[in-house]
Each structure stands twice: as C-alpha cells, then as structure tokens.
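Inspection log for the structure reproduced underneath, given as structure tokens.
The values are calculated or read from the model by the stated rules, or taken from the named source; none is laboratory data. Treat the numbers as computed from the prediction; the structure is a model and nothing was measured. Neighbour counts run over all protein chains shown; Cβ positions are idealised from the backbone, glycine included.
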Amino acid sequence: MDYRLAVLFTVIVPLILLIWAFIQKIDAIQRLLVIYWRVSSLLAITVYLMIAAFPMSFITSILARILMIISLWFWVDLNEELEDMQSSILKFSFISWRWAVSIYSGLGALLFIPFLRCAFLDTKGLIADQTCRVWLDPPWMFKEIFHPGWTPGFLGFLGLSGLVFYLICFGYFIVVKLGRQGRSATGH
C-alpha cells in the first residue's frame with residue numbers, strides 16, 4: 001500500500017502539477033517542483049538499492065522522506081511568492097498536494113523508524129528477515145516489470161552510482177550554494 005501511495009503522491013501528482021505550472025507559466029510553483037524532483041530522486045535511487053537488497057536502502061528511504069518535506073517548505077522567497085500569488089485552481093491544488101505529501105512523508109518516516117534495524121543486517125539476513133523483506137518485494141516486482149533481463153547486482157550498481165552522484169550534488173549544495181544563497185531558491 002505504501003508503494004502505491006508513494007507513486008501517486010510523489011510521482012504522478014507532482015508530475016501533473018509541474019506540467020500544469022509550465023503551461024500556466026507560474027514560476028514559483030515550477031521552481032519548487034523542480035527542487036522537489038531533484039530531492040525526491042533519492043526515492044528512485046532507494047528502489048534500485050532495494051532491488052539489490054542493500055541494507056543502506058532503509059536509511060536512504062527515511063532520509064528521502066525527510067528531505068522531501070524540507071525541500072517543499074525551506075525556501076523563504078518561494079513561500080512568499082506562493083502567499084502573494086492570486087488564488088487559482090493550480091495554487092490550491094499545489095498547496096493541497098504540498099500539505100498532503102508532507103503529512104504522508106512525515107507519517108511514513110515515523111512509521112518506518114522500526115524498520116531502520118534492517119539497515120544493520122547483512123544482505124542475507126535482510127532477505128531472510130520477513131519484516132524487512134516486505135519492503136524488498138515491491139522493488140523486486142518493479143524490476144520484473146521494467147528490467148526483466150537485468151541482474152539485481154547491476155541495478156544495485158546503478159543505484160549506488162546514483163547515490164554517489166546525489167551525495168556529491170547534495171554536498172555541493174550544503175557547502176557552496178546554501179552559504180551563498182541561504183534560504184533563497186533564486187539567490188536574491
């Protein structure tokens with residue numbers, strides 16, 4: 001159920017909102033959703049790490065949820081632009097989605113805490129533990145649907161490569177951009 005809700009709240013709805021914001025040319029919503037997509041890519045990376053049954057995927061899963069919430073509320077300038085924006089169906093839809101995905105991600109992170117113990121098992125122990133394995137089954141089904149001829153090891157390598165790139169970008173943001181721009185997404 002969690003994976004189905006995740007696809008709806010973290011992929012389908014924000015994609016529709018992003019397309020809608022581009023069509024309507026609403027810059028604040030576009031910027032916020034582009035930032036959201038960059039941050040939420042950690043969820044996709046997590047799926048590939050789970051396909052390979054890497055225990056660290058349980059840590060990236062909870063971090064992705066927390067970072068998604070932060071990315072939606074962190075930017076002072078974009079929040080001010082949203083407040084000043086004229087009422088519209090797009091604004092209402094975006095704000096409703098932002099609250100919904102924040103509540104969903106926050107509750108998901110809290111409910112996921114008991115499963116963090118899975119991050120400290122080895123791969124064999126992770127697969128053997130039924131409570132941990134429940135979280136691996138949907139990514140394995142994803143693999144069978146979208147990557148049927150690929151090995152879990154190769155998909156895990158793609159996940160690790162994505163994680164390294166993500167960490168480099170995140171580190172650059174924390175060390176360089178955050179110091180220059182502060183909580184301003186536009187840098188002004």
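Only one residue in I12, I59, I66, I29 is in a helix (DSSP H, G or I) and free of Cβ contacts under 8 Å to residues at least 24 places away in the same chain. Which one?
Answer to the check: I12.
Taking the range 141-165 on its own, how many of its residues are in a helix (DSSP H, G or I) and either polar (S, T, N, Q) or surrounded by 15 or more Cβ atoms within 10 Å (Cβ to Cβ) (or both)? Can you show your working first?
Narrowing the range 141-165 to residues in a helix (DSSP H, G or I): 141-146, 152-165.
Keeping just the survivors that are either polar (S, T, N, Q) or surrounded by 15 or more Cβ atoms within 10 Å (Cβ to Cβ) (or both) gives 142-143, 152, 155-156, 158-163.
Final tally of qualifying residues: 11.
Can you find, within the range 13-45, the residue that is nearest to G187 (Cα to Cα) among those that are under 11 Å from the mean Cα position of the chain (by Cα) and among the aromatic types (F, W, Y)?
Here the residue is Y36.
Would you mention how many residues in the range 71-90 are hydrophobic (A, V, I, L, M, F, W, C), without any contact (Cβ under 8 Å) to a residue 12 or more places away in the chain and not in a helix (DSSP H, G or I)?
0
List every residue pair whose Cβ atoms lie under 6 Å apart, where the two residues are 6 or more positions apart in sequence or sit on different chains, the first residue falls within the range 108-127 and is more than 10 Å from P55 (Cα to Cα) and in contact (Cβ under 8 Å) with a residue 24 or more places away in the chain, and the second residue, located anywhere, is surrounded by 13 or more Cβ atoms within 10 Å (Cβ to Cβ) and among the aliphatic types (A, V, I, L, M).
Sorted first by the residue in the range 108-127, then by its partner, the pairs are A109/I62; A109/I66; F112/I62.
If I filter the range 120-134 for residues that are exposed (fewer than 15 other Cβ atoms within 10 Å of the Cβ), within 18 Å of the chain's Cα centre (by Cα) and at pLDDT 95 or above, do I get at least one hit?
no
Taking the options L5, L18, name whichever one is in contact with a helix residue (DSSP H, G or I) (Cβ under 7 Å, 6 or more places away or on another chain) and either at pLDDT 95 or above or closer than 23 Å to S88 by Cβ (or both).
L18
Of the conditions (1) modelled with pLDDT of 95 or more; (2) farther than 24 Å from Y3 by Cα; (3) acidic (D, E), E144 fails just one. Which one is it?
Only one criterion in (1) modelled with pLDDT of 95 or more; (2) farther than 24 Å from Y3 by Cα; (3) acidic (D, E) is unmet by E144, namely (2).
Just checking, which of L67, L107, L78 is among the aliphatic types (A, V, I, L, M) and touching a Leu at 6+ places or on another chain (Cβ under 6 Å)?
It is L78.
What are the residue pairs meeting all of these: first residue in the range 164-188, first residue on the phi > 0 side of the Ramachandran plot, second residue loosely packed, with under 11 Cβ neighbours inside 10 Å, Cβ atoms under 6 Å, and 6 or more apart or on different chains?
Cβ pairs passing all conditions: none.
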